[in-house]
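Working notes, beginning with the structure itself.
The values are calculated or read from the model by the stated rules, or taken from the named source; none is laboratory data. For clarity, every value in this text was computed on a predicted model and none was experimentally measured. FYI the Cβ positions are ideal-geometry reconstructions off the backbone, even for glycines, and counts take in every protein chain you see. Just the protein is used for accessible areas: all its heavy atoms, side chains included, with ligands, DNA and RNA removed. Shrake-Rupley method; radii C 1.70, N 1.55, O 1.52, S 1.80 Å.
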Amino acid sequence: MNATVLPQALVQALTTAPAWKVQKDYAGVLFLLVELPDDNEPLLESLTELSSLEGAPLVLPSDLINTLEMAKLDPKLIDPVLTGPSRVELLAKLGSSDHFALPLLKRRGSEPRSRITVGRAPSSDVVLNEPSVSAQHAWFELDEYGSLMIQDAGSKNGTIVNGRRLGAREVSWIQPMDQIKFGSLSTFTCTPAVLRGVLKTLDNDSYGT
């Protein structure tokens, strides 16, 4: 398998830490796996820079905090059996092309605090330095119930979720293994538990630094 999931420090953290610690450290966080086109150094540089920045998940509504804390301690939720469709699909994706794994975090301190912005502009929370991505392309946001959603910001080349282009001001709720295209750049979402399980089945020598 010739896939690459960067950065190496993240791969090591996910594969060597106990499952309960991964669940605790990344509670409520989805990963965005960005497919790396050939010979796109600006994109890789922007993602590498992001991976070194501190960040925090979006602030959840207060009435959900206790529920999430209990879920983190539930052994049934800590290390699920990774033989289902998510694991198979992830293995196939990582086997077909190189990807960069990035936790979806609020990194830049910009307003509004309820959004994780995506775009080519350096001020974005998720900087995708790729020509088909607009400066302000889209954003992720939590609704009042704590569900993650995505909305296009009026980008030139659009945001496509699971094969369907979002209309103006249209909201799409996001689940693990959803496929999202920002312009021509392909990405998909993944939970830390599933990503950890898949990485542990692969030879660490397959991954770059």
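Pairs exceeding a 18 Å alpha-carbon distance, out of Lys106/Lys156; Lys93/Lys200; Lys106/Lys181; Lys93/Lys156: Lys106/Lys156; Lys106/Lys181; Lys93/Lys156. Solvent exposure of Glu170, expressed as accessible area, is near 50 Å², computed with a probe of 1.4 Å over the protein chains only. Counting only the Cα atoms, the range 91-146 fills a convex hull of 113 Å³ per residue. Taken over the range 5-57, the percentage of Cα pairs per 10 Å bin, counting from 0 up to the bin with the maximum distance, is 19, 50, 25, 5. Applying 0.36 nm per residue to the separation of Ser147 and Ala92 and subtracting their alpha-carbon distance, the gain on full extension is 17.1 nm. Model label sites at Ser114 and Asn40, defined 7 Å from Cα along the beta-carbon direction, differ in position by 3.1 nm.
A straight chain from Ala27 to Val171 at 0.36 nm per residue would run longer than the Cα-Cα distance by 49.5 nm.
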